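Reviewing the structure listed below.
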Amino acid sequence: MKKLFQRDFTMVVIGQIISLFGNAILRFALPLYLLRETDSSSLFGAVTACSFIPVVIFSLFGGVIADRKNKRNIMVVLDFTTAAIILLFCFAIGRLSLVPLMIVVLMLLYGISGIYQPAVQASIPLITERERLMQGNAVINMVSTLAGLLGPVIGGVLFGAFGIMPILFISVGCFVFSAVMELFIHIPFVKSSDGKSIFCSAGADLSESVRFVKNEKPVLRSVLGILVLFNLVFSAAMIVGIPVMVVQVLGMSDTVLGITQGAMGLGGLAGGIIAGAAAEKMRLKNGWFILIVCSLMAFFMGVSLLEAVPAGISYIVITAASFGAMCASTMLSVSLLTAVQRQTPPQLLGKIMAVIIAVSSSSQPVGQAVYGLLFDTFSDKPYVVMIGAAVLAMGISLYSKKTFAVLDESGEAA
């Protein structure tokens with residue numbers, strides 16, 4: 001068996017470290033900049049909701065591209081494009097209205113991410129051996145969460161001290177450097193022989209993916225339904241709730257918020273390490289229990305916001321719960337991703353990954369907009385929002401127990 005860190009896999013990992021770090025500081029700074037400038041939870045939720053819509057749309061298209069075009073070239077072009085968008089945003093700040101400008105930029109960035117991630121995920125089985133696939137996915141997840149750890153912490157310090165501009169220029173440098181490095185990666189690629197353009201073949205390709213899920217792996221439909229519901233009530237609450245709770249409810253600084261989101265990155269890193277180390281022992285049938293853990297983290301956040309709890313204690317609980325939730329969700333993500341990759345034909349990998357990303361993310365924009373309104377409505381009782389989200393998430397977790405058991409059994413059969 002060959003070692004995991006062959007040249008091309010190592011280059012992909014290094015490129016991901018640099019690119020995702022630039023992405024992490026952007027995803028921290030841009031929404032925070034909007035929240036600071038507008039001081040509105042509703043507007044914050046609405047803008048972040050709009051930014052997630054392209055993930056749903058472009059993830060589907062990204063899967064078609066990933067299976068029909070050179071995956072290395074996709075990564076290179078998108079990193080260069082992201083750098084150009086941020087440079088244009090730098091010149092537009094102060095010259096154009098902030099809210100529409102932020103909506104456009106975030107939609108473009110998330111749309112690019114929707115195309116980029118299927119290409120990365122579909123490339124992993126092509127540059128790693130089957131026996132190393134779980135470890136390879138764990139490494140990629142660890143890289144993502146490491147960037148999520150360092151990005152917010154460094155971004156919080158820079159934002160608090162110097163404002164938004166240094167963060168924008170650093171991110172541009174990251175994307176350019178990553179694109180140049182990716183030029184030297186070799187990912188196996190066989191050009192499609194049907195002669196169709198991407199636009200002409202998109203419908204047929206996605207229909208093929210839907211037929212595969214419907215006829216060959218119907219259990220994936222149930223899994224996707226669970227992910228849709230869980231993202232609606234839990235993930236959206238975390239995305240909107242953590243900045244609102246730390247900045248608005250507790251009145252903490254930008255640097256302190258960066259530490260909390262850094263703790264989420266650290267939790268993801270821990271989850272990736274655990275998933276990689278326990279690859280042979282992890283069983284998908286226990287996925288429902290991992291969702292229970294995530295739900296409990298949201299519950300503890302809500303309880304910490306009760307009036308009797310000091311702000312300092314609330315912050316510690318929120319930060320610790322953020323770590324725990326991200327650790328658990330990363331373990332589940334690695335297990336799910338590996339199971340799908342092992343049970344999917346190579347020619348469908350990109351499209352299936354895209355369908356999973358798009359469908360599972362489809363509920364988040366709605367959830368984020370709703371939670372923005374809820375935090376404004378219950379601004380004097382924010383604990384109601386988080387405790388309510390935790391109770392709903394726990395119900396979904398218990399409902400998912402049978403589905404995870406079936407998916408685990410189908411993976412063993414394969």
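The values are calculated or read from the model by the stated rules, or taken from the named source; none is laboratory data. The structure displayed is predicted, hence computed values, not measured ones. Methodologically, a virtual Cβ is constructed for each residue, glycine included, from the backbone with ideal geometry; neighbour enumeration extends over all protein chains shown. Accessible surface is based on the protein model in full, side chains and every heavy atom, while ligands, DNA and RNA are left aside. Shrake-Rupley method; radii C 1.70, N 1.55, O 1.52, S 1.80 Å.
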Per GNM of the chain with C-alpha springs under 10 angstrom, the most fluctuating residue out of V247, V12, V309 is V309
Sorting L398, L266, L337 on solvent-accessible surface, 1.4 Å probe, most exposed first, gives L398, L266, L337
Averaged per residue, the 1.4 Å probe accessible area of the range 259-353, protein heavy atoms only, in Å², is roughly 38
Taking only protein heavy atoms and a 1.4 Å probe, the highest-to-lowest accessible-area order of K402, K71, K214 is K402, K214, K71
In whole percent, the fraction of accessible protein surface over the range 284-408 that belongs to carbon or sulfur atoms, probe radius 1.4 Å, stands at 75
Shape call for the range 351-406, from the Cα gyration tensor axes a ≥ b ≥ c (a/c under 1.5 means rounded, otherwise prolate when a/b beats b/c, else oblate), comes out oblate
Rounded to the nearest Å, the spacing of the alpha-carbon centers of the range 76-151 and the range 228-303 is 20
In the range 29-173 the accessible area split gives carbon plus sulfur, as whole percent at 1.4 Å, a share of 70
Placing one equal point scatterer on each C-alpha of the chain and summing with Debye, one gets log10 I(q)/I(0) at q = 0.06 Å⁻¹ equal to -0.22
If every Lys and Arg gets +1 and every Asp and Glu gets -1 at its Cβ, then about the Cα centre the range 1-108 yields a dipole, in debye to the nearest 20, of 520
Note to self: with every protein chain in place and a 1.4 Å probe, the range 2-109 gives an accessible area per residue in Å² of 40
Note on the range 41-125: contact order normalised by length, alpha-carbon pairs under 8 Å, 6 or more apart, percent, works out to 61
Row for the range 252-324, column shape: gyration tensor on C-alpha, a ≥ b ≥ c, rounded if a/c < 1.5 i.e. under 1.5, prolate if a/b over b/c, else oblate; value oblate
Measure of exposure for M331: accessible area at 1.4 Å probe, Å² rounded to 10, is 40
Residue by residue through the range 306-317, the couplings from Karplus 6.51 cos²θ - 1.76 cosθ + 1.60 with θ = phi - 60°, in Hz, x for Gly and Pro, are 4, 4, 6, 8, x, 4, x, 5, 4, 5, 4, 5
For the range 129-181, the per residue accessible area (1.4 Å probe, Å²) is 39
